Amino acid sequence: MHSTVGPGSSEAISRRLLVCNARDALDGYTPEIRDSYREGMVTARTGMMTRPSGSHRDHLVLAAIALTNRLADGWSGGVRYAAPEDADECAAIANETCERFYRKQTAFLPAQAPELRTLARRLHDVLLDLAADDIPVAIPKINALLAEHPAALHLSTEPPYSLHYQDHGMPAVQGWQVGCCAALASWVSSKSTQYIRRCDAAQCDRVFFDDTRSGTKRFCGPRCQDREKVRAYRLRKAVADAGGTSR
Ligand SMILES: [Zn+2]
């Protein structure tokens with residue numbers, strides 16, 4: 001009898017092709033991205049879940065998350081977080097952050113720092129909506145950001161071939177606004193936004209990409225995880241103490 005799930009099945013063949021194509025597409029990316037790509041493909045191969053796995057589009061979403069965590073005001077790790085006021089520092093952070101995801105970028109300039117902080121705040125707002133699965137609220141915000149600058153769809157002419165959304169002649173802030181929002185729009189349409197999470201800890205609104213196989217990551221980092229462990233312990237102790245005194 002013909003097997004539909006064995007190594008020769010069409011499903012297994014298409015998965016192998018997917019992995020081969022992914023491997024071929026890795027040239028030109030940073031080691032960090034290559035690792036995340038491979039991890040993503042391994043997860044996809046297990047069949048446990050399909051998830052974003054390293055396309056240019058996915059890197060733009062990861063860059064949007066990283067940019068907002070560094071340049072959007074809010075809360076982080078239990079304390080108020082304020083983006084740096086210094087224009088040079090602001091541009092340097094943005095350049096360093098985006099270079100992790102895309103090497104051939106147009107550089108952010110210190111003169112663009114106010115626009116950069118505004119973009120980070122608006123992207124953070126959208127990401128928080130997506131993390132809360134509040135898609136109808138996020139969509140008009142994404143559309144408004146997309147309407148402000150023309151997208152210039154084109155394929156890169158050198159490997160890894162990928163669909164780009166912005167004209168590289170655009171100033172960096174506008175280019176990243178178009179690119180990140182087009183990528184977020186694509187994630188909404190492919191239901192990939194379930195991987196965008198807001199930190200569960202008190203007094204923290206940082207956003208992260210849940211890269212766990214189980215999809216159960218709750219905190220932005222060890223600091224918040226530890227804070228919540230302590231908080232949960234104190235809560236249990238307070239409840240136990242209250243129970244003890246009421247008897
Ligand atoms: Zn946190």
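Any read-out appearing in this document is the output of simple, stated calculations on the displayed coordinates, not a laboratory observation. On a predicted model such as this, the values are computed, not experimentally measured, just so you know. Methodologically, a virtual Cβ is constructed for each residue, glycine included, from the backbone with ideal geometry; neighbour enumeration extends over all protein chains shown.
Brief remarks follow.
- Note, ³J(HN,Hα) from phi for the range 116-124, Karplus 6.51, -1.76, 1.60, rounded to Hz, x at Gly and Pro: 5, 5, 5, 4, 4, 5, 5, 5, 4
- When peptides 124-136, 211-223 are ranked by their average number of other Cβ atoms within 10 Å per residue, the highest-first order is 124-136, 211-223.
- Summary value for the range 62-209: 30 percent relative contact order, contacts being C-alpha pairs under 8 angstrom separated by 6+ residues.
- Here T157, T68 are placed in order of increasing Cβ neighbour count within 10 Å, fewest first, which gives T157, T68.
- By the count of other C-beta atoms within 10 Å, a proxy for reagent exposure, Y81, Y165, Y102 are ordered fewest to most as Y81, Y102, Y165.
- Shape call, the range 56-225: gyration tensor on alpha carbons, a/c limit 1.5: oblate
- Across the range 197-213, the residues whose backbone nitrogen lies under 13 Å from the label position 7 Å along the beta-carbon direction of A232 are 200-202.
- Most tightly packed first, judged by the mean number of other beta-carbon atoms within 10 Å of their residues, the peptides 148-156, 172-180 read 172-180, 148-156.
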